[in-house]
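J.: This structure is in structure tokens; I'll ask about it shortly.
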Amino acid sequence: MHGIYLDYQSAMPLDPRVLEFAKKYLAEEPGNPSALHSVGLAAKSAVEEARAKAADLINAEDASNIIFTGSATEANNLAIRGVALRNAVKGNRVLASSMEHISVLNAMKELQKNGFQLSLVPVDSEGIVDLVALDSLISKETVVTSIMYANSEIGTVEPIKEIGQMVHEKGMFLHVDAVAAQGRIPIDVQSDGIDLLTLSSNDIYGPQGAGALYVSPKVKIQPAMVGGGQERGLRPGTENLFAIAGMGEAARLAKLEMKEESERLRSIRDGLIKEILKLDEAYLTGHPTRRLPNHASFRFSRIEGESILLTMDAMFDIQISTGSACSSRTLEPSHVLLAIGLKHEQAHGSMVITLGKYNNPDQIPVIANAVSQTVQRLRALSPL
């Protein structure tokens, strides 16, 4: 990897140890886990081993509660649409925070087209879900409430345990998109009261092309598509053996190294925040302390986030983000930044830095200097 990569939230490089562990399933041992011969049984064993590792990362009751999918987006859809449609006779209301990932919001909107009532829970200026509003919106007919563990654009970590208690007191099931939080902070689905939880391979240094959904033993969901009996019949289709085996190994390493790596990245993050906030009209977005250890997000007055991204890349070979990679191509202001109360012109000037294993403290002054030069250059060119 060249330059300084600061966009780990949109894509993490494959850990060489994960590649070494899983590469045999690309060519040497490409068995079908549904086959009954020895090669198929070996493939089945690899899938089940990965399932156990993913379950251990989030303290699931049993490995069988993990359903592998092709991506986190697919897992979000399977969770939200699956539980809502399966339990439609019990209620027709669905609920989400106003800054959920677009795959969650669009899944909810699709349900809305089919007769479900959708409500969005507001958040405060730092991205914390309004618990009073949440309490007022939940009813016994709210079949699924979806609140992310942490936000990928502003880094804020939500009070999931409190939210879980509220959902179960008045509603039915809680779904949590944990893609931004997994491997960075401890997650315990049992202690937190989570019924469905989404994971992503690519966001823990695993291969692209795999995600997972935790489904609590007390929850019944409807398949998103039909086919064979793979993944308890909830996600039919021949398993992506390489990606799944790699995801399992990545989950094992994430749990093993999480505490030490998070402390290391938190120190770099805090150093960057301190230096970048010295710039005129630079503001931190998200909660100042309840944030992911690898996440620093800012907004700058009178310049565009896309211009920051392109300038940092072209002039300094530093890769940053200006929002979610799944929606940033629209050039519309981020719905997350609008949700925390920013005006359209403020929301356009965002910069998101997410750190990973190839970042180190020596990069802090280099990054800070590049940001300073970029901001000064763009402001000098800005008609604002």
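J.: Test residue 314 against the criterion of being within 19 Å of residue 369 (Cα to Cα), buried (at least 19 other Cβ atoms within 10 Å of the Cβ) and not aromatic (Phe, Trp, Tyr), and give yes or no.
T.: So residue 314 does not fit the description; no.
A quick yes/no check of all residues on (1) on the phi > 0 side of the Ramachandran plot; (2) outside any loop (DSSP other than H, G, I, E, B); (3) of a type in the set (S, T, N, Q); (4) at pLDDT below 95:
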| residue | (1), (2), (3), (4) |
| --- | --- |
| 11 | no, no, no, yes |
| 19 | no, yes, no, no |
| 24 | no, yes, no, yes |
| 28 | no, no, no, yes |
| 33 | no, no, no, yes |
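J.: Which residues, counting only those in region 214-246, are in a helix (DSSP H, G or I) and more than 23 Å from the chain's Cα centre (by Cα)?
T.: Answer for region 214-246, where residues must be in a helix (DSSP H, G or I) and more than 23 Å from the chain's Cα centre (by Cα): 232, 233.
J.: Specify the residue that is nearest to residue 96 (Cα to Cα); the eligible residues are those in region 108-133 that are in contact (Cβ under 8 Å) with a residue 40 or more places away in the chain and buried (at least 23 other Cβ atoms within 10 Å of the Cβ).
T.: Selected residue: 123.
J.: Separate question: Could you check region 35-142 for helices (runs of 4 or more DSSP H) lying wholly inside it with 3 or more residues that are of a type in the set (Gly, Ala, Ser)?
T.: Hits in region 35-142: 38-58, 72-86.
J.: So, residue 223, is that one over 18 Å from residue 76 (Cβ atoms) and in the same structural domain as residue 80 (by TED's automatic domain parsing) or not?
T.: Against the criterion (over 18 Å from residue 76 (Cβ atoms) and in the same structural domain as residue 80 (by TED's automatic domain parsing)), residue 223 does not qualify.
J.: Another question about this same structure. For region 334-384, name all the residues that are touching a residue at least 12 places away in the same chain (Cβ under 8 Å), under 20 Å from residue 287 (Cα atoms) and either aliphatic (A, V, I, L, M) or exposed (fewer than 15 other Cβ atoms within 10 Å of the Cβ) (or both).
T.: Answer for region 334-384, where residues must be touching a residue at least 12 places away in the same chain (Cβ under 8 Å), under 20 Å from residue 287 (Cα atoms) and either aliphatic (A, V, I, L, M) or exposed (fewer than 15 other Cβ atoms within 10 Å of the Cβ) (or both): 336, 337, 339, 340, 341, 342, 347, 351, 352, 353, 355.
J.: Here's a follow-up. Would you pick out the residues in region 283-318 that are assigned to a helix (DSSP H, G or I), of a type in the set (S, T, N, Q) and in contact with a Ser or Thr (Cβ under 6 Å, 6 or more places away or on another chain)?
T.: Answer for region 283-318, where residues must be assigned to a helix (DSSP H, G or I), of a type in the set (S, T, N, Q) and in contact with a Ser or Thr (Cβ under 6 Å, 6 or more places away or on another chain): just 311.
Conditions tested, residue by residue: (1) in the same structural domain as residue 34 (by TED's automatic domain parsing); (2) crowded, with 16+ Cβ neighbours inside 10 Å; (3) over 13 Å from the mean Cα position of the chain (by Cα).
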| residue | (1), (2), (3) |
| --- | --- |
| 135 | yes, no, yes |
| 142 | yes, yes, yes |
| 148 | yes, yes, no |
| 157 | yes, yes, no |
| 164 | yes, yes, yes |
| 185 | yes, yes, no |
| 195 | yes, yes, yes |
| 198 | yes, yes, no |
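J.: Under 19 Å from the mean Cα position of the chain (by Cα) and over 24 Å from residue 373 (Cα atoms): which single residue out of 264, 291, 269 fits that description?
T.: None of the other options fit; the residue is 291.
J.: Please verify whether residue 7 is touching a residue at least 24 places away in the same chain (Cβ under 8 Å), under 26 Å from residue 149 (Cα atoms) and out of contact with any Ser or Thr (no Cβ under 8 Å at 6 or more places or on another chain), treating the condition exactly as stated.
T.: Answer is no for this residue.
J.: Right, something else. Filter region 130-155 down to the residues that are of a type outside the set (Ser, Thr, Tyr) and under 13 Å from residue 176 (Cα atoms) and list them by number.
T.: Across region 130-155, the qualifying residues are 144, 147, 148, 150, 151.
J.: Restricting attention to region 329-353, and to residues there that are at pLDDT 95 or above and farther than 23 Å from residue 96 by Cβ, which single residue is farthest from the chain's Cα centre (by Cα)?
T.: Top of the filtered list is 351.
J.: Considering only residues that are among the polar types (S, T, N, Q) and closer than 30 Å to residue 160 by Cβ, look in region 1-60 and name the one that is surrounded by the most Cβ atoms within 10 Å (Cβ to Cβ).
T.: Filtering region 1-60 for residues that are among the polar types (S, T, N, Q) and closer than 30 Å to residue 160 by Cβ, the one surrounded by the most Cβ atoms within 10 Å (Cβ to Cβ) comes out as 9.
J.: Of all residues in region 143-155, count the ones that are assigned to a loop (DSSP other than H, G, I, E, B) and without any contact (Cβ under 8 Å) to a residue 60 or more places away in the chain.
T.: Matching residues across region 143-155 total 3.
J.: Then there's this: Has region 166-183 got at least one residue that is outside the structural domain of residue 357 (by TED's automatic domain parsing), buried (at least 24 other Cβ atoms within 10 Å of the Cβ), out of contact with any helix residue (DSSP H, G or I) (no Cβ under 7 Å at 6 or more places or on another chain) and not in a loop (DSSP other than H, G, I, E, B)?
T.: Yes, because at least one residue in region 166-183 is outside the structural domain of residue 357 (by TED's automatic domain parsing), buried (at least 24 other Cβ atoms within 10 Å of the Cβ), out of contact with any helix residue (DSSP H, G or I) (no Cβ under 7 Å at 6 or more places or on another chain) and not in a loop (DSSP other than H, G, I, E, B).
J.: Taking the conditions exactly as written (in the same structural domain as residue 110 (by TED's automatic domain parsing), buried (at least 24 other Cβ atoms within 10 Å of the Cβ), over 25 Å from residue 138 (Cα atoms) and among the hydroxyl-bearing types (Ser, Thr, Tyr)), does residue 214 satisfy them or not?
T.: In short, no.
J.: Since residue 96 meets every condition but one in (1) touching a residue at least 40 places away in the same chain (Cβ under 8 Å); (2) closer than 29 Å to residue 230 by Cα; (3) under 20 Å from the mean Cα position of the chain (by Cα), which condition does it not meet?
T.: The failed condition is (2).
J.: Return the only residue of 96, 54 being assigned by TED's automatic domain parsing to the domain that holds residue 165, over 19 Å from residue 245 (Cβ atoms), modelled with pLDDT of 95 or more and not hydroxyl-bearing (Ser, Thr, Tyr).
T.: Criteria check complete, one pass: 96.
The values are calculated or read from the model by the stated rules, or taken from the named source; none is laboratory data. Nothing here was measured: the structure is a model prediction, and the numbers come from that model. All Cβ positions, even for glycine, are placed from backbone atoms using ideal geometry, and neighbour counts span all protein chains on display.
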